[in-house]
Amino acid sequence: MFNENSWTMKKSCFVVAAFVSLFSISCNSPKNNETPEKSFRTVETEKLLNNLINIPSQGYLYGHHDDPVYGVGWSYEPNRSDVKDVCGDYPGLMTFDLGHIELGDSVNLDGVPFDLIRKETVNQYKRGGVISYSWHLNNPLTGGDSWDVSDSTVVASILKGGTNHEKFLTWLDKLSAFLNSLVTEDGVKVPIIFRPWHEHTGSWFWWGEKLCTVDQYKALWTLTTDCLKAKGVDNVLFAYSPGSEANGVKEKYLERYPGDDLVDILGLDMYCYGDPKDPLTLSNYKQGLSLNLGMVCEIASEHGKVAALTETGFESIPVAEWWTSAFQAVCDSLPIAYAQTWRNAHDKPGHFYGPYPGHPSSEEFIKFYNSPKSLFVNDLKNLYK
Ligand code: BMA
């Protein structure tokens, strides 16, 4: 889909990108206190954004976390995927996590090698699919993990003027270097949807609601996006993904929204919990998801953004119809670009959210796969052109 306006914009973006790299602005030593240009992106990244905006007219991509690197009962087998083993096709969206890239480690917090994430990212791009990254980074103050909420001054400590600011800049440098290293054999930088500081409306991560102020949370976004851009990261779209705490109230959803200039995709992380035997479990999930995702779609349309269900699932999928009568039923009814379920752990029994061969819900998943709106890799035309 050629768009003259965006091409004109892109040409001027190239000029800005060339300027930025010429003077090699560093996160650690910003020149003249200038804010880096906020809108430059590669051609492929810009095309992906335009195509994601149009996707809801056809349906929505199905996404699965860590899909090609492990599944229930296996790990690290080339070309394998639980989703593909069930339905014959790869998910339209694959997601990975960059937790521990900030430490300079070779594997992420779940033991997945970063080299493998890079390789599978390029593979998914080459097959025409989409890739998104979350970042469960460590706690820079305590040395604990993302879930270490023992200290409520962590965000303050990494912002400008804080005791951990310089340290955090080195973390952003490592993140930027990885994002810049996602290049195909032909030299194309692979576009990524990056989803930092997620589920901040809860208080289970050190950047959560009770752990920092509204202004500090927004400053965290500005710092992150400015640094990435100053480091020449031009292959990223940014996704904002609160939990369901807003409960349908737009002002609450937008309370910590960092702004239209920093965010491309408005998301929602919302899971299904409860007794599988209780019919209310599915109906409550459906009702909550319709309310919250419906609200996200409305806000996205008002702000000219893409809407997406950035994380969902029912752990162990104990009700087979969850796929069709809950997840699909709601997603089919709303203009979202994608909906992703969490990982199929190979090392944590019962911790899976996608299908796998032999699981009782597989047949329902195949019905979902065969439904017209669910988009898998073979359904996708080139999203990067
Ligand atoms: C959580 C769980 C953890 C995992 C973390 C980061 O939801 O799946 O086991 O370590 O995500 O991927």
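Some observations on this one:
- The range 104-259: relative contact order as a whole-number percent, Cα under 8 Å and 6+ apart: 24 percent
- Sparse packing (at most 15 other Cβ atoms within 10 Å of the Cβ) combined with a DSSP loop state is found for the following trypsin sites (Lys or Arg not before Pro) in the range 264-362: K277.
- Cross-link partners for K231 among the aspartates and glutamates, with Cα-Cα distance under 12 Å and sequence neighbours closer than 8 places in the same chain left out: E37, D173.
- Whichever aspartates and glutamates have a C-alpha closer than 19 Å to that of K381, once near sequence neighbours (fewer than 8 apart) are set aside: E44, E46, D89
- Gain on full stretching of the segment that runs from D347 to S57 - 0.36 nm per residue minus C-alpha separation: 100.6 nm
- Only lysine pairs 8 or more places apart, or on different chains, with alpha-carbon atoms under 24 angstrom apart are counted in the range 239-358, and they number 7.
- Potential lengthening between K210 and S301 on full extension [0.36 nm per residue; Cα-Cα distance subtracted]: 29.8 nm
- The distance from the alpha carbon centre of the range 47-61 to that of the range 134-199 is 28 Å, rounded to a whole number.
- Here the gap between R127 and N370, fully extended at 0.36 nm per residue and compared with their Cα-Cα distance, gives a gain of 85.5 nm.
- All alpha carbon pair distances within the range 248-353 were sorted into 10 Å bins beginning at 0; the resulting P(r) in whole percents reads 15, 44, 29, 12, 1.
- Think of it as helices only: each DSSP H run of n ≥ 4 in the chain is worth -39500 (n - 2.57), and spread over all residues that comes to -10500 deg cm²/dmol at 222 nm.
- Of every Cα-Cα pair in the chain, the percent that sits beyond 32 Å: 30 percent
- Candidates E209, E46, E251, ranked by Gaussian network fluctuation over the chain, Cα under 10 Å, top entry: E251
- Cα-only Debye scattering, the range 122-235: base-10 log of I(q)/I(0) at q = 0.10, 0.12, 0.16 Å⁻¹: -0.33, -0.46, -0.77
- Cβ-Cβ FRET estimate between S333 and L254, R0 fixed at 25 Å, reported to 0.05: 0.65
A short reminder: the numbers here are calculations on the coordinates, not readings from a lab. Just so it is clear, the structure is predicted and the values come from calculations on it, not from any experiment. Every residue, glycine as well, gets a Cβ built from its backbone with ideal geometry; the counts of neighbours run over all protein chains shown.
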